[in-house]
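Heads up: the structure comes next, in structure tokens.
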Ligand SMILES: Nc1ncnc2c1ncn2[C@@H]1O[C@H](COP(=O)(O)OP(=O)(O)OP(=O)(O)O)[C@@H](O)[C@H]1O
Ligand SMILES: [Mg+2]
């Protein structure tokens, strides 16, 4: 691998009285495609600028492959940045934009020629070398910026919302290309975005940030399937959230996956949710009767049927409701279902094929909602 491990330890940064980063620690692995995801103003760009060396933290350490880089100037860190606004030189051709840093280093004409062509090929811009930036589309400008950042053969590529100026389709396309470029060159990519779909689809791992804090780090699957906090559950995808009082919490020790390992400890909890009734949920964190827990279940985990499900499984939660509003969007329908006459639950039904479609579910239909104890999560405890 040509990339670097990037380790951020206890980094804090304030601007005047405002704390932009609050004791942030992250371990990004060599060659990883790692995303920093969070709402506007949460400190993503500030953290990226600290990694790049354009900003200096008040506290904390940043190392590349275990070597301190805080005292290394940006141009010597081997970390190059692709900015949201491209920052191309308008008067230079595509070729000269990409060649710029090699010219400064006084590389030979032959070397410049072969390297620039190699990187223009990587970003699929052969044939555009003579054009000026204003003769290019948004996606093409972005590719020039990527080629210009990569030609120095950095160990880390930092990308600050590089696709946000592009329309949705082109964005998707560029994201796939970025992923392919990452696979080809194998260096560490740190990608800043506030778009959860982008971050989930392209990252090996990601960190979810809010108000200067890292709330959770994990694979897209971990972040989506087991959000650590209420904020993460709300920010990533769509979800149903309720507060519920813990009635029971039974400790279960599951058999180990293979010999020699410890069994997993889990709690089978029963909550009383005022808007819903009693529900069962499994959780790995200790939970006690009397506590108030924040419960979440994703809309696509809930099964919606007109008939009462035949299952006798004890871990299934079952509720009745009335369809308030179905929203059809081709591949799926989203339903808002009214439970106990007032509370709306979101449910998403994917349209698959004839065998599991069942009768159409319409506005004002009486329906059953069901999900298993394993499909819900507790994302916080309020004492
Ligand atoms: N140089 C500065 N001086 C004062 N405040 C700053 C400075 N740079 C950033 N901030 C503040 O720090 C906070 C974090 O900014 P940052 O640019 O890191 O957010 P971000 O997560 O990148 O947001 P966005 O998604 O909008 O780009 C913001 O409230 C911002 O106003
Ligand atoms: Mg930013």
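The set of residues in region 51-77 being touching a residue at least 40 places away in the same chain (Cβ under 8 Å) and either in contact with a strand residue (DSSP E or B) (Cβ under 6 Å, 6 or more places away or on another chain) or not in a loop (DSSP other than H, G, I, E, B) (or both) consists of 51, 52, 57, 58, 59, 60, 61, 62, 63, 64. Every condition in (1) crowded, with 20+ Cβ neighbours inside 10 Å; (2) in a helix (DSSP H, G or I) holds for residue 179 except the one numbered (1).
Residues in region 312-337 that are part of a strand (DSSP E or B), closer than 17 Å to residue 273 by Cβ and in contact with a helix residue (DSSP H, G or I) (Cβ under 9 Å, 6 or more places away or on another chain): 316, 317. In region 202-228, of all residues being under 8 Å from the mean Cα position of the chain (by Cα) and free of Cβ contacts under 8 Å to residues at least 60 places away in the same chain, the one that is surrounded by the fewest Cβ atoms within 10 Å (Cβ to Cβ) corresponds to 220.
If you check 323, 297 for being touching a residue at least 12 places away in the same chain (Cβ under 8 Å), under 16 Å from residue 374 (Cα atoms) and touching a strand residue (DSSP E or B) at 6+ places or on another chain (Cβ under 8 Å), only one passes: 297. Only one entry of 80, 85 meets the criterion of being closer than 26 Å to residue 179 by Cβ, touching a residue at least 60 places away in the same chain (Cβ under 8 Å) and assigned to a strand (DSSP E or B), and that entry is 80.
Residues that are within 16 Å of ligand 1 (Cβ to nearest atom) and either outside the structural domain of residue 22 (by TED's automatic domain parsing) or touching a residue at least 60 places away in the same chain (Cβ under 8 Å) (or both) occur at least once in region 164-187. Can you pull out the residues in region 227-251 that are out of contact with any strand residue (DSSP E or B) (no Cβ under 6 Å at 6 or more places or on another chain) and in a loop (DSSP other than H, G, I, E, B)? Across region 227-251, the qualifying residues are 236, 237, 238. Filtering region 103-128 to residues that are assigned to a loop (DSSP other than H, G, I, E, B), within 20 Å of residue 174 (Cβ to Cβ) and free of Cβ contacts under 8 Å to residues at least 40 places away in the same chain leaves 125, 126, 127, 128. Residue count for region 252-281 under the criterion of being at pLDDT below 90 and in a strand (DSSP E or B): the result is 4.
Within region 32-47, one or more residues are within 16 Å of ligand 2 (Cβ to nearest atom), surrounded by 19 or more Cβ atoms within 10 Å (Cβ to Cβ) and more than 22 Å from residue 220 (Cα to Cα).
May I ask you to list the residues in region 129-158 that are over 28 Å from residue 50 (Cα atoms) and not in a helix (DSSP H, G or I)? Result: 129, 130, 131, 132, 136, 137.
The values are calculated or read from the model by the stated rules, or taken from the named source; none is laboratory data. As the structure is a computational prediction, the values presented were derived from the model and not from experiment. Glycine also receives a Cβ, built like all others from the backbone with ideal geometry; neighbour counts cover every protein chain displayed.
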